[in-house]
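J.: The structure follows.
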Amino acid sequence: MGGYTTGIVTLLAINCIAALGVSLFTGFTGIFTLGHAGYMAIGAYTTTILTIQHSVHWLPAIVAGGLSAMVIAYLIGLPTLKLVGDYYTIASLGLGEAIRLIIENWNSVTRGARGYPGIDNFTTMPVALGFLVVMAIGMFFLVNSNYGRAFKACRDDYVAASLLGFHTARYRVQSLAISGFYCGVSGALLAGFMSFIQPVMFDMTKSTELVSVVVFGGLGSMSGCLLGTTVLTLVTELFRGISQYRMLIYGLVLVLVMVLRPEGIMGTSEITPSFVKGIFARIAARRRIGGV
C-alpha cells in the first residue's frame, strides 16, 4: 500500500478504538456524552510526556495514557453519574472542555496552546491495527459478559434494573472508566501518528464526531460502530479534494441515514456468520420471487 493509504488505514484504526469506547458508554449503557475527546487528550498528553521527557518506551506509555484517562474518568464519574438524562450530557460537555482548557493553560507541563512537537512516530499501521484487534475482541467479550448484560439493563430501564438488584450507579461508573481507557489509548496512538498534538485537536467537535459515528452505525452494535466509523472516515477522506464541501457531504450522509434508518446502519444487530447467511438467503429469496 502507498503512504497515503497506509495513513488512512492507521487513522481509521485509531478512530475505531475511540468509537468502541463511546459505543460502550452511549450505545450499551445508554448515557449520551459530549466530553470523551477530553479523555483522548489525557491519553495523548500522558503518552507524549512519558516518551519525550522521561524516555519511556512507547508501548507502556500508551498503556499508561489509557490508564490515566481511565482513572480520571472514574473519578469524574463518581459524582457526575448521579445525574441522569440531559443533565449528564450537559455536565460531560463542560467537563470535556474543562480538561481541554486545563491542558491549554498548563504551559509548564503541556506547552499550552502552542502544542507539543517532536513526538516519535511510533504509531505505524501494524501497531494501530494490533491495538484495534486486541481491544475490539476485548470489547466483544465484555458486552456479552455479565457486565455487558448489566450495562444493557441500565440502558433499557435504569429504575427497573435498580429494583431488580443491579447496582446501577456502580455499573455506570465502570462503563465510563472503561470507555475512558479506550479513548485514552486512541489519543495516545493519535499522538504517535501525528507527531504533534494541540489542545484544539480535542475540542467539542471531536466529541461530537465520536458520538455521530456511534449513532450512525447503530446504538447497541459494536459491528455497527466499526462500520459507521469506517464509512464516515472514508467519506471525509474521499472528498478531501473538495474541502469546502466535505463537511456538507459528511452532514448529508448523516442526515440521510437518520431519515432512512433511524436506528443506524446495524441497529442492535452484529455482523455474525448467521447474520451474513441471512442476508444472502433474503437476496436469493427475492431473486426467486422476481424470477417467478
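J.: How large, in Å, is the stretch 3-291 by the Kirkwood hydrodynamic radius built from its alpha-carbon pairs?
T.: One decimal place: 19.6 Å for the Kirkwood radius.
J.: Run the Debye formula on the Cα coordinates of the stretch 130-201, all scatterers equal and no solvent, and tell me log10 I(q)/I(0) at q = 0.16, 0.22 1/Å.
T.: With one equal scatterer per Cα and no solvent, log10 I(q)/I(0) is -0.68, -0.94.
J.: Another question, if that's okay. With runs of 4+ DSSP H residues as the only contributors, calculate the mean residue ellipticity of the chain at 222 nm using -39,500 (n - 2.57) per run, divided by the residue total and rounded to the nearest 500.
T.: Numbers: 13 runs with 215 residues, N = 292.
Only helices count here, giving -24500 deg cm²/dmol.
J.: Same structure again: Please compute the volume of the convex hull spanned by the alpha-carbon atoms of the stretch 1-98 and report it per residue in Å³.
T.: It is 122 Å³ per residue.
J.: Report the Cα centroid-to-centroid distance between the stretch 179-236 and the stretch 1-62 in angstrom, as an integer.
T.: Comparing the Cα centres of the stretch 179-236 and the stretch 1-62, I get a distance of 8 Å.
J.: Cβ neighbours within 10 Å, averaged per peptide: list 39-46, 216-223, 256-263, 131-138 in order, most packed at the top. Write out the running numbers ahead of the final one.
T.: Values: 39-46: 30.2, 216-223: 23.6, 256-263: 12.1, 131-138: 16.1.
Per-residue Cβ counts within 10 Å, averaged per peptide and sorted highest first, yield 39-46, 216-223, 131-138, 256-263.
J.: What is the sum of charges around R155, taking Lys and Arg as +1, Asp and Glu as -1, for the other residues whose C-beta is under 11 Å from the C-beta of R155?
T.: +1
J.: Report the normalised scattering of the stretch 84-152 as log10 I(q)/I(0) at q = 0.12, 0.20 Å⁻¹, calculated by the Debye formula with identical scatterers on the alpha carbons.
T.: So the normalised log intensities are -0.69, -0.93.
J.: Quick one: among L226, L50, L24, which has the greatest mean-square fluctuation in a GNM of the chain with alpha-carbon springs under 10 angstrom?
T.: Between L226, L50, L24, it is L50 that shows the largest mean-square fluctuation.
Every number here is computed from the coordinates shown, using simple stated rules; none is lab data. Quantities reported herein were computed from a predicted structural model and do not represent experimental measurements. A quick note on method: Cβ atoms are made from the backbone with ideal geometry, for glycine too, and the neighbour counts reach across all protein chains shown.
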